[in-house]
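Here is the structure we will look at, set down as structure tokens.
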Amino acid sequence: MYMQAWYSAAWSHNTLRVFRAALTSIFKQQQAGCKEHLPASVLNLLRHWQLSDVTLAAARSAWLADRNHSCSNIANFKRKCDRMALAEYQVRTNTSGWFDTMCAH
């Protein structure tokens, strides 16, 4: 079972419930000897996510305090047309260098 999770500061309560249920299922499969054994480092991270309760206010505050590590400021624009214009500009001109960084991985 593979699962891709995008961290978001605005998950609904239902999304969080489903996510935690999926984690519980993964832990049960691992204990039952699932042939896709996950490394301890991954299991520790999943356990942390399952047990963590971060409020929307705390997540937003942390995100705002640490925006310098972002590849782009697109998310900081309120209007969709502004976000799209900046995204197009950055893709076409690659002025921020983020495209090279993303493609290098």
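The values are calculated or read from the model by the stated rules, or taken from the named source; none is laboratory data. The shown structure was predicted, so the numbers you read here are calculated from the model rather than taken from an experiment. Cβ coordinates were reconstructed from backbone atoms using ideal geometry, including for glycine residues, and neighbour counts include every protein chain displayed. Each accessible area value is taken on the protein alone, full model and side chains, heavy atoms only, with ligands, DNA and RNA left out. Shrake-Rupley method; radii C 1.70, N 1.55, O 1.52, S 1.80 Å.
Counting only residues that are modelled with pLDDT under 75 and part of a loop (DSSP other than H, G, I, E, B), which one in segment 36-87 is least open to solvent (accessible area, probe 1.4 Å)?
Out of the qualifying residues, it is 72.
Would you point out the residue of segment 12-35, among those that are among the charged types (D, E, K, R) and closer than 17 Å to residue 52 by Cβ, that is most open to solvent (accessible area, probe 1.4 Å)?
So the first thing to find is which residues in segment 12-35 are among the charged types (D, E, K, R), and the list is 17, 20, 28, 35.
Then drop every residue that is not closer than 17 Å to residue 52 by Cβ, which leaves 17, 20.
Details: 17: 144, 20: 56 Å².
So, considering only residues that are among the charged types (D, E, K, R) and closer than 17 Å to residue 52 by Cβ, the one most open to solvent (accessible area, probe 1.4 Å) is 17.
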